[in-house]
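This is the structure, below, for whatever I ask next.
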Amino acid sequence: MINDVNHPFLPLFSSLELQLTTLTVIYGLNSELLTTELQRTTTFAQGFSFCLFSLLNIPCLTTIGTIWNESKSFTYTAFSIVLPLCIAWLFSFFMLSINYDFQL
C-alpha cells in the first residue's frame, strides 16, 4: 500500500527535498542526531554515490504524470522511469567501485 510510510519505493518518487526527511524517518532520529549518525557511519564515497544517484534518479511523480498525459503511452512512460533509474544505479555503482579500488 502506497500510504504506508515504510513502503520501499516511496523515496524513489519523492522530491529531492524529502530525501533527508525520509532518512530521518528510516533512522528514527531528529535532524541533529541524523547528521551526527550519517557523519559517523557514511564515508565520503558513499555520500558522493548517494548524491550522484539522487541527481540522476527517476523523475518525480508530477513529471511522470505529465509524460503519461502527453504521450498516452505506457511504454514511453515506463522507459522514462527505467532508463534514468538504471543510469543512476550504474553511475553510482561504478563511482563507488572506482573509489574502493583506488582508495580515493
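The values are calculated or read from the model by the stated rules, or taken from the named source; none is laboratory data. Keep in mind that what you see is a predicted model, and the values were worked out from it rather than measured. All accessible areas refer to the heavy atoms of the entire protein, side chains included, with ligands and DNA or RNA removed. Shrake-Rupley method; radii C 1.70, N 1.55, O 1.52, S 1.80 Å.
Tell me, what is the 1.4 Å probe accessible area of residue 85, in Å² to the nearest 10?
60 Å²
What figure, in Å² to the nearest 10, do you get for the accessible area of residue 18 with a 1.4 Å probe and non-protein molecules left out?
90 Å²
Counting only the heavy atoms of the protein chains, how much of residue 51 is accessible to a 1.4 Å probe, in Å² to the nearest 10?
Taking all protein chains as shown, residue 51 has close to 80 Å².
Heavy atoms only, 1.4 Å probe, whole protein assembly: order 22, 75, 66 by accessible area, highest first.
Descending order: 75, 66, 22.
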